[in-house]
Amino acid sequence: MAATTSSLPAPVPAPSRRRVLAGGAALAAGAVLPARADAPYPARPVRLLVGYSAGGAVDAVARSLGQALAASLGQPFVVDNKPGAGSNIAVKAAIDAPADGYTLLVAANALAANMALYQPAPFDAERDLAAISLIGRVPVVIAANAQAPYASIGQLIVAAKARPRAIAFASPGNGSTPHMAVEFFERAAGIELQHVPYRGGAQALTDVIGGQLPLIAVNALEALPHAKSGKLKVLAVLSPGRSAVLPDVPTIAESGFPGFEASVWYGLVAPAGTPRPIVDRLHAEVQKALQTPGMRERMAQVGGEVLPGSRDAFAQLIHSERQRYEKLVREARIQPD
(Lines give C-alpha, C1' and ligand atoms only; values in the text may rest on other atoms or scores of the structure.)
Protein backbone atom coordinates (compact mmCIF):
# COMPACT_ATOMS: atom_id res chain seq x y z
CA MET A 1 0.00 0.00 0.00
CA ALA A 2 1.43 3.38 -0.93
CA ALA A 3 2.39 5.84 1.82
CA THR A 4 -0.20 8.53 2.51
CA THR A 5 0.99 12.07 1.94
CA SER A 6 -0.49 15.46 2.67
CA SER A 7 -0.17 18.97 1.33
CA LEU A 8 2.18 20.72 3.72
CA PRO A 9 4.66 23.56 3.50
CA ALA A 10 8.13 22.53 2.39
CA PRO A 11 10.63 21.79 5.18
CA VAL A 12 12.58 24.77 6.47
CA PRO A 13 16.24 24.90 5.38
CA ALA A 14 18.66 22.75 7.36
CA PRO A 15 19.91 24.66 10.43
CA SER A 16 23.46 25.50 11.24
CA ARG A 17 25.38 23.24 13.62
CA ARG A 18 25.31 25.94 16.30
CA ARG A 19 21.53 26.23 16.06
CA VAL A 20 21.07 22.43 16.26
CA LEU A 21 23.27 22.19 19.36
CA ALA A 22 21.59 25.12 21.03
CA GLY A 23 18.14 23.71 20.35
CA GLY A 24 19.14 20.29 21.67
CA ALA A 25 20.62 21.79 24.83
CA ALA A 26 17.50 23.81 25.48
CA LEU A 27 15.27 20.77 25.10
CA ALA A 28 17.49 18.63 27.29
CA ALA A 29 17.34 21.32 29.99
CA GLY A 30 13.54 21.17 29.92
CA ALA A 31 12.98 24.44 28.13
CA VAL A 32 9.81 24.76 26.11
CA LEU A 33 10.45 26.68 22.96
CA PRO A 34 7.31 28.47 21.77
CA ALA A 35 6.14 28.06 18.20
CA ARG A 36 3.67 30.16 16.25
CA ALA A 37 0.38 28.42 15.65
CA ASP A 38 0.78 28.90 11.91
CA ALA A 39 4.43 27.81 11.80
CA PRO A 40 5.19 24.75 9.65
CA TYR A 41 5.87 21.54 11.57
CA PRO A 42 8.29 21.13 13.22
CA ALA A 43 8.92 24.63 14.54
CA ARG A 44 10.94 23.53 17.57
CA PRO A 45 12.92 20.47 18.75
CA VAL A 46 11.16 17.09 18.90
CA ARG A 47 11.62 14.58 21.73
CA LEU A 48 12.12 10.89 20.88
CA LEU A 49 11.25 8.72 23.88
CA VAL A 50 13.05 5.37 24.21
CA GLY A 51 12.05 2.84 26.87
CA TYR A 52 15.54 1.36 27.12
CA SER A 53 18.95 2.48 28.37
CA ALA A 54 21.43 4.33 26.20
CA GLY A 55 23.80 2.15 24.22
CA GLY A 56 21.38 -0.65 23.32
CA ALA A 57 19.93 -1.54 19.95
CA VAL A 58 16.69 0.48 20.34
CA ASP A 59 18.68 3.51 21.46
CA ALA A 60 21.05 3.17 18.49
CA VAL A 61 18.13 2.94 16.06
CA ALA A 62 16.42 5.96 17.64
CA ARG A 63 19.56 8.10 17.45
CA SER A 64 20.17 7.18 13.83
CA LEU A 65 16.57 7.97 12.91
CA GLY A 66 16.70 11.21 14.89
CA GLN A 67 19.77 12.36 12.99
CA ALA A 68 18.13 11.62 9.66
CA LEU A 69 14.90 13.42 10.59
CA ALA A 70 16.79 16.41 11.95
CA ALA A 71 18.66 16.72 8.67
CA SER A 72 15.48 16.62 6.59
CA LEU A 73 13.12 18.60 8.83
CA GLY A 74 15.46 21.26 10.15
CA GLN A 75 14.93 20.73 13.88
CA PRO A 76 16.74 18.57 16.45
CA PHE A 77 15.20 15.19 17.31
CA VAL A 78 16.52 14.58 20.82
CA VAL A 79 16.52 11.06 22.31
CA ASP A 80 15.12 10.85 25.86
CA ASN A 81 15.86 7.48 27.48
CA LYS A 82 13.24 6.37 30.02
CA PRO A 83 14.03 2.73 30.86
CA GLY A 84 12.00 0.69 33.33
CA ALA A 85 8.95 -1.53 33.74
CA GLY A 86 9.64 -3.33 30.48
CA SER A 87 9.47 0.01 28.58
CA ASN A 88 6.04 0.87 30.08
CA ILE A 89 7.38 4.08 31.64
CA ALA A 90 8.31 5.48 28.25
CA VAL A 91 5.07 4.28 26.65
CA LYS A 92 2.97 5.97 29.33
CA ALA A 93 5.03 9.17 28.97
CA ALA A 94 4.25 9.17 25.26
CA ILE A 95 0.54 8.53 25.83
CA ASP A 96 0.34 11.37 28.38
CA ALA A 97 2.25 13.87 26.22
CA PRO A 98 0.45 16.59 24.22
CA ALA A 99 -0.70 15.24 20.85
CA ASP A 100 1.18 17.89 18.89
CA GLY A 101 3.97 15.94 17.21
CA TYR A 102 6.69 17.16 19.56
CA THR A 103 6.85 13.96 21.65
CA LEU A 104 7.25 10.66 19.79
CA LEU A 105 8.18 7.14 20.88
CA VAL A 106 10.55 4.66 19.25
CA ALA A 107 8.95 1.37 20.32
CA ALA A 108 9.75 -2.31 19.98
CA ASN A 109 7.89 -5.61 20.44
CA ALA A 110 7.16 -4.88 24.09
CA LEU A 111 4.58 -2.33 22.92
CA ALA A 112 2.44 -5.26 21.75
CA ALA A 113 3.50 -7.87 24.32
CA ASN A 114 3.07 -5.80 27.48
CA MET A 115 -0.68 -5.47 27.02
CA ALA A 116 -0.84 -9.21 27.73
CA LEU A 117 2.07 -9.52 30.16
CA TYR A 118 0.94 -6.86 32.62
CA GLN A 119 -2.49 -7.12 34.22
CA PRO A 120 -4.46 -5.03 34.27
CA ALA A 121 -3.16 -3.88 30.91
CA PRO A 122 -1.17 -0.65 31.44
CA PHE A 123 -2.35 0.83 28.12
CA ASP A 124 -4.04 0.03 24.84
CA ALA A 125 -1.49 0.75 22.15
CA GLU A 126 -4.07 0.61 19.36
CA ARG A 127 -6.29 3.15 21.11
CA ASP A 128 -3.75 5.35 22.90
CA LEU A 129 -1.10 5.72 20.19
CA ALA A 130 -0.95 6.52 16.48
CA ALA A 131 1.25 4.31 14.31
CA ILE A 132 3.61 6.41 12.18
CA SER A 133 6.05 3.99 10.59
CA LEU A 134 7.85 0.71 11.02
CA ILE A 135 11.61 1.33 11.05
CA GLY A 136 13.32 -2.05 10.88
CA ARG A 137 13.98 -5.36 12.56
CA VAL A 138 16.85 -7.29 14.12
CA PRO A 139 16.59 -11.08 14.35
CA VAL A 140 16.67 -13.02 17.59
CA VAL A 141 19.36 -15.71 17.64
CA ILE A 142 19.69 -18.95 19.56
CA ALA A 143 23.30 -19.50 20.59
CA ALA A 144 25.24 -22.04 22.64
CA ASN A 145 28.45 -21.75 24.61
CA ALA A 146 31.59 -23.04 22.94
CA GLN A 147 31.59 -26.29 24.97
CA ALA A 148 27.93 -27.21 24.33
CA PRO A 149 27.48 -30.64 22.70
CA TYR A 150 25.36 -29.34 19.84
CA ALA A 151 26.31 -27.16 16.91
CA SER A 152 22.99 -26.95 15.08
CA ILE A 153 19.29 -26.56 15.76
CA GLY A 154 18.78 -30.18 14.64
CA GLN A 155 21.22 -31.47 17.24
CA LEU A 156 19.60 -29.30 19.92
CA ILE A 157 16.16 -30.70 19.11
CA VAL A 158 17.41 -34.30 19.34
CA ALA A 159 19.00 -33.59 22.73
CA ALA A 160 15.93 -31.73 24.01
CA LYS A 161 13.54 -34.52 23.00
CA ALA A 162 15.73 -37.05 24.77
CA ARG A 163 15.69 -34.99 27.98
CA PRO A 164 12.60 -32.73 28.20
CA ARG A 165 13.13 -29.57 30.30
CA ALA A 166 16.71 -30.64 31.12
CA ILE A 167 18.40 -28.14 28.78
CA ALA A 168 18.34 -24.57 30.07
CA PHE A 169 18.40 -21.36 28.10
CA ALA A 170 19.05 -17.84 29.35
CA SER A 171 17.17 -14.75 28.20
CA PRO A 172 17.21 -11.03 29.07
CA GLY A 173 14.06 -11.54 31.18
CA ASN A 174 10.57 -12.98 31.51
CA GLY A 175 8.43 -11.69 28.67
CA SER A 176 11.39 -10.28 26.73
CA THR A 177 11.29 -10.72 22.97
CA PRO A 178 14.04 -13.41 23.00
CA HIS A 179 12.18 -15.33 25.73
CA MET A 180 8.95 -15.19 23.73
CA ALA A 181 10.82 -16.24 20.59
CA VAL A 182 12.06 -19.44 22.20
CA GLU A 183 8.61 -20.18 23.62
CA PHE A 184 7.24 -19.95 20.08
CA PHE A 185 10.09 -22.13 18.82
CA GLU A 186 9.53 -24.81 21.47
CA ARG A 187 5.95 -25.18 20.33
CA ALA A 188 6.97 -25.38 16.67
CA ALA A 189 9.69 -27.96 17.37
CA GLY A 190 7.75 -30.02 19.91
CA ILE A 191 10.39 -29.64 22.64
CA GLU A 192 10.56 -28.28 26.18
CA LEU A 193 13.51 -26.25 27.45
CA GLN A 194 14.09 -24.76 30.90
CA HIS A 195 13.93 -20.96 30.91
CA VAL A 196 16.32 -19.02 33.15
CA PRO A 197 15.47 -15.29 33.04
CA TYR A 198 18.03 -12.57 33.75
CA ARG A 199 17.64 -8.84 34.21
CA GLY A 200 19.18 -7.89 30.90
CA GLY A 201 21.33 -9.60 28.33
CA ALA A 202 24.80 -8.77 29.68
CA GLN A 203 24.80 -11.07 32.73
CA ALA A 204 22.98 -13.77 30.78
CA LEU A 205 25.73 -13.72 28.15
CA THR A 206 28.43 -13.82 30.85
CA ASP A 207 26.97 -16.94 32.44
CA VAL A 208 26.41 -18.74 29.15
CA ILE A 209 29.91 -17.95 27.93
CA GLY A 210 31.23 -19.12 31.31
CA GLY A 211 29.46 -22.46 30.97
CA GLN A 212 26.88 -22.06 33.73
CA LEU A 213 24.14 -22.47 31.11
CA PRO A 214 24.36 -24.04 27.66
CA LEU A 215 22.02 -21.78 25.65
CA ILE A 216 20.93 -18.18 25.26
CA ALA A 217 18.39 -16.30 23.21
CA VAL A 218 19.32 -12.67 22.47
CA ASN A 219 19.19 -10.23 19.58
CA ALA A 220 21.87 -10.54 16.93
CA LEU A 221 23.64 -7.35 18.03
CA GLU A 222 24.36 -8.68 21.52
CA ALA A 223 25.55 -12.06 20.28
CA LEU A 224 27.76 -10.74 17.47
CA PRO A 225 31.05 -9.90 19.31
CA HIS A 226 31.00 -13.21 21.21
CA ALA A 227 30.26 -15.17 18.05
CA LYS A 228 33.20 -13.49 16.33
CA SER A 229 35.51 -14.32 19.25
CA GLY A 230 34.43 -17.98 19.25
CA LYS A 231 32.90 -17.83 22.73
CA LEU A 232 29.41 -18.50 21.37
CA LYS A 233 28.13 -20.82 18.65
CA VAL A 234 25.11 -19.22 16.99
CA LEU A 235 22.85 -22.12 16.03
CA ALA A 236 20.29 -20.14 14.03
CA VAL A 237 18.99 -16.68 13.30
CA LEU A 238 15.21 -16.50 13.65
CA SER A 239 14.65 -14.35 10.56
CA PRO A 240 13.37 -15.03 7.03
CA GLY A 241 16.79 -14.40 5.48
CA ARG A 242 20.36 -14.69 6.66
CA SER A 243 21.77 -11.87 8.77
CA ALA A 244 24.27 -9.51 7.16
CA VAL A 245 26.42 -9.62 10.30
CA LEU A 246 26.18 -13.43 10.68
CA PRO A 247 26.13 -14.55 7.03
CA ASP A 248 27.38 -18.08 7.74
CA VAL A 249 24.66 -18.86 10.28
CA PRO A 250 21.60 -20.68 8.90
CA THR A 251 18.11 -19.28 9.35
CA ILE A 252 15.51 -21.16 11.36
CA ALA A 253 13.73 -21.89 8.07
CA GLU A 254 16.89 -23.49 6.68
CA SER A 255 17.03 -25.52 9.89
CA GLY A 256 13.70 -27.18 9.14
CA PHE A 257 11.09 -24.60 10.14
CA PRO A 258 9.97 -22.72 7.02
CA GLY A 259 7.78 -19.73 7.76
CA PHE A 260 8.99 -19.37 11.34
CA GLU A 261 10.27 -15.93 12.32
CA ALA A 262 11.09 -14.11 15.55
CA SER A 263 12.61 -10.67 15.26
CA VAL A 264 12.89 -7.56 17.35
CA TRP A 265 11.05 -4.87 15.39
CA TYR A 266 11.24 -1.11 15.85
CA GLY A 267 8.65 1.50 14.97
CA LEU A 268 7.75 5.14 15.51
CA VAL A 269 4.48 6.09 17.21
CA ALA A 270 2.84 9.31 18.47
CA PRO A 271 0.14 10.08 21.04
CA ALA A 272 -3.37 9.34 19.76
CA GLY A 273 -4.99 12.47 18.38
CA THR A 274 -1.81 13.84 16.82
CA PRO A 275 -2.99 15.83 13.77
CA ARG A 276 -3.10 13.69 10.65
CA PRO A 277 -0.99 16.12 8.56
CA ILE A 278 1.82 15.83 11.13
CA VAL A 279 1.57 12.02 11.23
CA ASP A 280 1.60 11.88 7.44
CA ARG A 281 4.56 14.24 7.25
CA LEU A 282 6.53 12.16 9.74
CA HIS A 283 5.66 8.94 7.92
CA ALA A 284 6.89 10.35 4.62
CA GLU A 285 10.12 11.60 6.19
CA VAL A 286 10.81 8.27 7.90
CA GLN A 287 10.30 6.49 4.57
CA LYS A 288 12.86 8.84 2.99
CA ALA A 289 15.28 8.24 5.88
CA LEU A 290 15.03 4.47 5.48
CA GLN A 291 16.25 4.82 1.88
CA THR A 292 19.45 6.64 2.87
CA PRO A 293 22.75 4.68 2.93
CA GLY A 294 23.45 5.94 6.45
CA MET A 295 20.25 4.53 7.92
CA ARG A 296 20.61 1.25 6.06
CA GLU A 297 24.22 0.91 7.19
CA ARG A 298 23.31 1.68 10.79
CA MET A 299 20.61 -0.99 10.82
CA ALA A 300 23.07 -3.45 9.30
CA GLN A 301 25.57 -2.61 12.05
CA VAL A 302 23.07 -3.68 14.71
CA GLY A 303 22.41 -6.88 12.79
CA GLY A 304 19.15 -5.88 11.12
CA GLU A 305 17.48 -4.35 8.13
CA VAL A 306 15.21 -1.41 7.41
CA LEU A 307 11.52 -2.09 6.74
CA PRO A 308 9.81 0.59 4.69
CA GLY A 309 6.03 0.37 4.52
CA SER A 310 2.69 2.06 5.01
CA ARG A 311 1.18 3.34 8.22
CA ASP A 312 -1.61 0.81 7.89
CA ALA A 313 0.89 -2.04 7.61
CA PHE A 314 2.56 -0.97 10.85
CA ALA A 315 -0.78 -0.62 12.64
CA GLN A 316 -1.71 -4.11 11.45
CA LEU A 317 1.60 -5.47 12.74
CA ILE A 318 0.89 -4.07 16.21
CA HIS A 319 -2.57 -5.65 16.12
CA SER A 320 -1.39 -9.08 14.94
CA GLU A 321 1.56 -9.11 17.36
CA ARG A 322 -0.79 -8.20 20.21
CA GLN A 323 -2.97 -11.20 19.40
CA ARG A 324 0.00 -13.53 18.99
CA TYR A 325 1.51 -12.54 22.34
CA GLU A 326 -1.83 -12.72 24.13
CA LYS A 327 -2.20 -16.36 23.07
CA LEU A 328 1.38 -17.25 24.05
CA VAL A 329 1.24 -15.51 27.44
CA ARG A 330 -2.03 -17.28 28.25
CA GLU A 331 -0.89 -20.72 27.15
CA ALA A 332 2.61 -20.55 28.64
CA ARG A 333 1.49 -18.61 31.74
CA ILE A 334 4.32 -16.12 31.33
CA GLN A 335 4.72 -13.52 34.07
CA PRO A 336 6.76 -10.29 33.79
CA ASP A 337 9.83 -9.80 35.98
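The values are calculated or read from the model by the stated rules, or taken from the named source; none is laboratory data. These numbers come from a predicted model, not from an experiment. As a convention, Cβ positions derive from the backbone with ideal geometry for all residues, glycine included, and neighbour counts pool all protein chains shown. The area values use the complete protein model at the heavy-atom level, side chains included, leaving out ligands, DNA and RNA. Shrake-Rupley method; radii C 1.70, N 1.55, O 1.52, S 1.80 Å.
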Exercise for review: Please give the number of the condition residue 254 fails out of (1) open to solvent by 20 Å² or more (accessible area, probe 1.4 Å); (2) assigned to a helix (DSSP H, G or I).
Suggested key: (2)
Practice item. May I ask you to say which residue of 321, 261 is outside any strand (DSSP E or B), at pLDDT below 90 and closer than 24 Å to residue 172 by Cα? Key: 261
Check your understanding: Since residue 9 meets every condition but one in (1) modelled with pLDDT under 50; (2) closer than 24 Å to residue 293 by Cα; (3) open to solvent by 70 Å² or more (accessible area, probe 1.4 Å), which condition does it not meet?
Key -> (2)
Study note, to complete from the structure: Here the residues within segment 241-256 that are of a type in the set (A, V, I, L, M, F, W, C) and touching a residue at least 40 places away in the same chain (Cβ under 8 Å) are 244, 245, 246, 249, 252
Exercise for review: Working only within segment 162-176, note down all residues that are open to solvent by 10 Å² or more (accessible area, probe 1.4 Å) and either modelled with pLDDT of 95 or more or over 16 Å from residue 197 (Cβ atoms) (or both).
Suggested key: 162, 163, 164, 165, 166, 168
Review point. Restricting attention to segment 326-334, does a residue exist that is buried (at least 18 other Cβ atoms within 10 Å of the Cβ) and either of a type in the set (Ser, Thr, Tyr) or over 26 Å from residue 122 (Cβ atoms) (or both)?
Key: no
Check your understanding: Would it be correct to say that residue 220 is at pLDDT below 90 and open to solvent by 50 Å² or more (accessible area, probe 1.4 Å)?
Key -> no
Review point. Can you name the number of the only condition in (1) closer than 21 Å to residue 114 by Cβ; (2) at pLDDT 90 or above that residue 201 fails?
Key: (2)
**Study point:** Pair list, Cβ < 9 Å and 6+ apart or interchain, from segment 224-240 residues that are open to solvent by 20 Å² or more (accessible area, probe 1.4 Å) and assigned to a loop (DSSP other than H, G, I, E, B) to residues that are modelled with pLDDT under 95 and among the hydroxyl-bearing types (Ser, Thr, Tyr)
**Key:** 240/251; 240/263
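Can you name every residue in segment 188-209 that is open to solvent by 60 Å² or more (accessible area, probe 1.4 Å) and either of a type in the set (A, V, I, L, M) or in contact (Cβ under 8 Å) with a residue 24 or more places away in the chain (or both)?
Scanning segment 188-209 gives 192, 194, 199, 202.
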Review point. Would a scan of segment 312-327 turn up a residue that is touching a Ser or Thr at 6+ places or on another chain (Cβ under 8 Å) and either in contact (Cβ under 8 Å) with a residue 24 or more places away in the chain or farther than 18 Å from residue 70 by Cα (or both)?
Key: yes
Revision key, fill the gap. Residue pairs qualifying under the 6 Å Cβ cut-off, at least six apart or on distinct chains, with the first in segment 257-269 being over 14 Å from residue 187 (Cα atoms) and the second being part of a strand (DSSP E or B) and aromatic (Phe, Trp, Tyr), are none
Practice item. Filter the strands (runs of 3 or more DSSP E) completely within segment 31-148 down to those with at least 1 residues that are modelled with pLDDT under 95. Key: 129-145
